[in-house]
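K.L.:
One structure coming up, written as structure tokens, with questions to follow.
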Amino acid sequence: MSEYDRKTLAPTSASTRAITSANIKLTATLALAASFLVACAGSSNSAHNADGSKRLTIAVVPMGTTDEYWKMVHAGAVKASKELGVDIIWQGPIRRDDRTSQIDVVESLIVRGVDGLVLAPVDNMAMRGPVEDAKRSGVPTVIIDSDLQSNSFVSFIATNNNKGGAMAADYLAKLLNCKGKIALLRNVEGNASTDHREQGFLDQIKTYPGLEVVSSNQHAGATAESAYKASENLLAKLRTADGKPGVDGIFCPNESSTFGMMRALQDGELAGKIHFVGFDSSKKLLAAVSKGDIDGLIVQDPMQIAYQGVARIVDYLGKKEVPPRIDIPATLVTKDNLEKPEIHALVAPDLAAMLGEK
Ligand code: BDR
């Protein structure tokens, strides 16, 4: 099992000090304590199915557990576990930038002997070692939501994030009649899903000569609080000497950055005065769309991403063909389509019923 430089989190060479069994036990214990959120679903009393085959246990490891997005990922995984007759273990860090905790969680799950892993990596490099360890231990991995720079996983299932960023750029350009100043507030460095949205956004904005990017190097950080502070700082930096906003359109690439910017615009009495496109959905973000504080949200289908993740790892374990990549479409949600039944089903599913909490 390879060891990691705890500072850089990069896997060190195999010749480094092997982790002793005591360390593995300690790691497993710490991981269980550090992972904060462990839930099991689809658990049956027997370790075997009716036909005598071994009942599979699939670990689903999210990037974080606070955003509403991850609650919908959980619901999709539980739905798959019930329909496919497998058990799932839902275990992940609270913060979406907690690389150490996610590494510890995956290593503890390998020690625990799960049959397969569905992982949303917090970082496209730091999680390479644990996924390679899982493969060496005979535990296959499907990556969901955010890409990983590795060849050691079975399939990648996510929104096409570059296209999602481009969708945001096209909508913002339409709102601005293809003319004006644009700001991008980035999410967290190393998070492939939002890195790709940000790049897709900037590349598409370049196709509109009348649009000028006045800021694209500020990061919101991993929480709504850090995003609120970063948004306030950015808006203050952009404000002109005569008190004008200094920007006509803003894009944020995920739930927490969008929420932080929304709150900063509202508190600064700028909501509805600057065109604003975000990513993901939540009750509060959808209320802001309805109110006109947010012009549009690029909304993913996290339940389908998770469902496909569990279904494909079960296929792989059953020796069935698994596509190397599955793109799950994103949808632009605005005031005009918010109440349509298909949009309501996408953004406001009955999670409690799906998680069996009713
Ligand atoms: C957000 O982080 C991203 O990786 C997901 O796609 C979603 O946009 C949720 O925390």
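K.L.:
Under 6 Å by Cβ, and 6 or more places apart or on different chains, what pairs join a residue from the range 246-271 that is away from the ligand (no atom under 15 Å from the Cβ) with one that is of a type in the set (Lys, Arg) and assigned to a loop (DSSP other than H, G, I, E, B)?
P.N.:
Listed by first residue and then by second, the contacts come to 246/239.
K.L.:
Can you list residue pairs whose Cβ atoms sit under 6 Å apart, with the first residue in the range 174-191 being farther than 16 Å from residue 265 by Cβ and the second being aromatic (Phe, Trp, Tyr)? Count only pairs 6 or more apart in sequence or on different chains.
P.N.:
178/208
K.L.:
Identify, please: which residue in the range 154-181 is away from the ligand (no atom under 15 Å from the Cβ) and buried (at least 24 other Cβ atoms within 10 Å of the Cβ) and is, among those, nearest to residue 306 (Cα to Cα)? Don't jump to the end; show me each part of the working.
P.N.:
First, the residues of the range 154-181 that are away from the ligand (no atom under 15 Å from the Cβ): 154-155, 166, 169-181.
With the extra rule that they be buried (at least 24 other Cβ atoms within 10 Å of the Cβ), the set shrinks to 169, 172.
On the way: 169: 27, 172: 29 Å.
Among them, the one singled out is 169.
K.L.:
Go through the range 126-157 and give me each residue that's out of contact with any Lys or Arg (no Cβ under 9 Å at 6 or more places or on another chain) and of a type in the set (A, V, I, L, M, F, W, C).
P.N.:
So in the range 126-157, the residues out of contact with any Lys or Arg (no Cβ under 9 Å at 6 or more places or on another chain) come out as 128-140, 143-147, 151.
The answer is 131, 134, 139, 143, 144.
K.L.:
Yes or no: residue 322 in a loop (DSSP other than H, G, I, E, B), among the aliphatic types (A, V, I, L, M) and at pLDDT 95 or above? Walk me through it before giving the result.
P.N.:
On the way: in a loop (DSSP other than H, G, I, E, B): yes; among the aliphatic types (A, V, I, L, M): yes; at pLDDT 95 or above: yes.
For residue 322, the condition - in a loop (DSSP other than H, G, I, E, B), among the aliphatic types (A, V, I, L, M) and at pLDDT 95 or above - is met.
K.L.:
Is it the case that residue 72 is closer than 16 Å to residue 107 by Cα and not hydroxyl-bearing (Ser, Thr, Tyr)?
P.N.:
Details: closer than 16 Å to residue 107 by Cα: no; not hydroxyl-bearing (Ser, Thr, Tyr): yes.
So residue 72 does not fit the description; no.
K.L.:
Among (1) within 12 Å of the ligand (Cβ to nearest atom); (2) more than 27 Å from residue 266 (Cα to Cα), which single condition is residue 129 missing?
P.N.:
Tallying (1) within 12 Å of the ligand (Cβ to nearest atom); (2) more than 27 Å from residue 266 (Cα to Cα), residue 129 fails exactly one: (1).
K.L.:
For the range 69-84, state whether one or more residues are surrounded by 20 or more Cβ atoms within 10 Å (Cβ to Cβ), part of a loop (DSSP other than H, G, I, E, B), away from the ligand (no atom under 12 Å from the Cβ) and not assigned by TED's automatic domain parsing to the domain that holds residue 189.
P.N.:
So the first thing to find is which residues in the range 69-84 are surrounded by 20 or more Cβ atoms within 10 Å (Cβ to Cβ), and the list is 69-70, 72-81.
Add one more test, that the residue is part of a loop (DSSP other than H, G, I, E, B), and what stays is none.
No, the range 69-84 contains no residue that is surrounded by 20 or more Cβ atoms within 10 Å (Cβ to Cβ), part of a loop (DSSP other than H, G, I, E, B), away from the ligand (no atom under 12 Å from the Cβ) and not assigned by TED's automatic domain parsing to the domain that holds residue 189.
K.L.:
Sticking with this one: For the structure I just gave you, tell me whether residue 105 is touching a residue at least 40 places away in the same chain (Cβ under 8 Å) and closer than 20 Å to residue 308 by Cβ.
P.N.:
Numbers: touching a residue at least 40 places away in the same chain (Cβ under 8 Å): yes; closer than 20 Å to residue 308 by Cβ: no.
Answer is no for this residue.
K.L.:
If I go through the range 104-125 residue by residue, how many of them are surrounded by fewer than 21 Cβ atoms within 10 Å (Cβ to Cβ) and within 29 Å of residue 164 (Cα to Cα)? Full working, then the answer.
P.N.:
Of all residues in the range 104-125, those surrounded by fewer than 21 Cβ atoms within 10 Å (Cβ to Cβ) come to 111-113, 115, 124-125.
From what's left, within 29 Å of residue 164 (Cα to Cα): 124-125.
Selection size over the range 104-125: 2.
K.L.:
Now, a different point. Could you go through the range 306-316 and let me know if any residue there is outside any helix (DSSP H, G or I) and either exposed (fewer than 13 other Cβ atoms within 10 Å of the Cβ) or of a type in the set (Asp, Glu) (or both). Outline the logic, then answer.
P.N.:
Quick first cut of the range 306-316, residues outside any helix (DSSP H, G or I) only: none.
No.
K.L.:
Follow-up question, since we're still on this one. For the range 221-272, how many residues meet the condition of being of a type in the set (Val, Ile, Thr) and under 19 Å from the mean Cα position of the chain (by Cα)?
P.N.:
Narrowing the range 221-272 to residues of a type in the set (Val, Ile, Thr): 223, 240, 247, 250, 258.
In the following step, the residues that additionally are under 19 Å from the mean Cα position of the chain (by Cα) were identified as 223, 258.
Total satisfying the criteria: 2.
K.L.:
Which residues, taken from the range 182-194, are in contact with a helix residue (DSSP H, G or I) (Cβ under 8 Å, 6 or more places away or on another chain) and more than 10 Å from the ligand (Cβ to nearest atom)?
P.N.:
Applying the first criterion (in contact with a helix residue (DSSP H, G or I) (Cβ under 8 Å, 6 or more places away or on another chain)) to the range 182-194 yields 182-189, 192-194.
Within the range 182-194, 182, 183, 184, 185, 186, 189 meet the criteria.
K.L.:
Here are 216, 231: which of them is away from the ligand (no atom under 14 Å from the Cβ) and surrounded by fewer than 19 Cβ atoms within 10 Å (Cβ to Cβ)? Don't jump to the end; show me each part of the working.
P.N.:
On the way: 231 fails: surrounded by fewer than 19 Cβ atoms within 10 Å (Cβ to Cβ).
Sole residue among the options that is away from the ligand (no atom under 14 Å from the Cβ) and surrounded by fewer than 19 Cβ atoms within 10 Å (Cβ to Cβ): 216.
The values are calculated or read from the model by the stated rules, or taken from the named source; none is laboratory data. For clarity, every value in this text was computed on a predicted model and none was experimentally measured. Here the Cβ is made from the backbone with ideal geometry for all residues, glycine too, and neighbour counts use every protein chain on show.
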